[in-house]
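Before any comments, here is the structure.
Coordinate-derived values only; no laboratory data. Quantities reported herein were computed from a predicted structural model and do not represent experimental measurements. Note that each Cβ is placed from the backbone with ideal geometry, even for glycine, and that neighbours are counted across all protein chains shown.
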Amino acid sequence: MLDQQTLDRLWNYGDPAFSEQRFREALDDPAYNTDEKAELATQLGRAMGLQERYEEADALLDSIDCSEEPTVGVRVLLERGRLLNSSGHSAMAVPLFEQAAELGDHLGEEYLAVDALQMLAIADTAHAESWTRSALEYASTAHDRLTRRWMAGLHQSLGRTLHGAGRLTQAVVEFQLAEQWAEQAGTPAEQQQAREAILACELALAGG
């Protein structure tokens, strides 16, 4: 199967149309085997979904054979859940993300399990804090370095949830942890976001 870094090199999340083109080109590349092309097809579906071509993306996901490679099945669950969530059917997306998290964990696909948990926090807003904490607990003990890179963004997400609930002191702690993780394994943009969030919380706590 393909490692996540290979897929990340094909992605430009800010330009899903360009990403679609990249994945279509990869699907035509004879260097990839059948299972790898199935995995690439799930990401093509995601690129379509980001362009709000939901029915087309759903039909593509329906056509992917998951019987030979369970990791492809996890990705299909993830992308189908993302389609449902993005198209306004978040309640229907929740059980798909739950299945993806459970199967990803069973297969030892740490990155995909955390991806599913963080998507649950997005789709199941009533339980966003508990899902994000589950994702943090999982990612913090992951053996995979790329999976641990989720930590900065997850702490940032939890901080925003707590800030929105008026729990500013706890939010500051999460944003500080986000900054620390961003310095260790994140990006300069994540570091800057964390610093800005810390400042905003501190100003709010000071009554500014």
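Modelled this way, with points 7 Å down the Cα-to-C-beta line, the labels at Glu183 and Glu52 are 4.2 nm from one another. Multiplying the residue separation of Gln192 and Leu205 by 0.36 nm and subtracting their alpha-carbon distance yields 2.7 nm. Over the chain, Cα pairs under 8 Å with separation of 6+ residues give a relative contact order of 10 percent.
Once C-alpha pairs closer than 8 Å and six or more residues apart are averaged by separation and normalised to the residue number of the stretch 1-118, the relative contact order reads 18 percent. Computed from Cα atoms, the angle from the helix 110-123 axis to the main principal axis of the chain rounds to 70 degrees. What's the angle, to the nearest 10 degrees (0 to 90), between helix 34-50's Cα axis and the longest principal axis of the chain? It is inclined by approximately 50 degrees. A full extension of the chain between Glu25 and His127 corresponds to an added length of 32.8 nm, given 0.36 nm per residue minus the alpha carbon distance. Centre-to-centre, using Cα atoms only, the stretch 171-200 and the stretch 11-52 are separated by 31 Å.
In what sequence do His155, His127 fall when counting other Cβ within 10 Å, fewest first?
Details: His155 27, His127 13.
Going from least to most buried by this count: His127, His155.
Dipole magnitude for the stretch 59-208: computed about the Cα centre from +1 point charges on Lys and Arg Cβ and -1 point charges on Asp and Glu Cβ, it is near 500 debye. Assuming charge only on the beta carbon of Lys and Arg (+1) and of Asp and Glu (-1), the dipole of the stretch 149-208 about its Cα centre is about 160 debye to the nearest 20.
How far, in degrees from 0 to 90, does helix 168-185 lean away from the longest principal axis of the Cα atoms of the chain, to the nearest 10? In the chain, helix 168-185 runs at an angle near 50 degrees to the longest axis. Going through (1) 1.00; (2) 1.04; (3) 1.08, the figure that equals Rg/Rh (Cα atoms, Kirkwood Rh) as computed for the structure here is (1). Couplings 3J(HN,Hα) of the stretch 192-207, computed from phi: 5, 4, 5, 5, 5, 5, 4, 4, 4, 5, 5, 5, 5, 5, 7, x Hz, in residue order, whole Hz [Karplus 6.51 cos²θ - 1.76 cosθ + 1.60, θ = phi - 60°; x for Gly and Pro].
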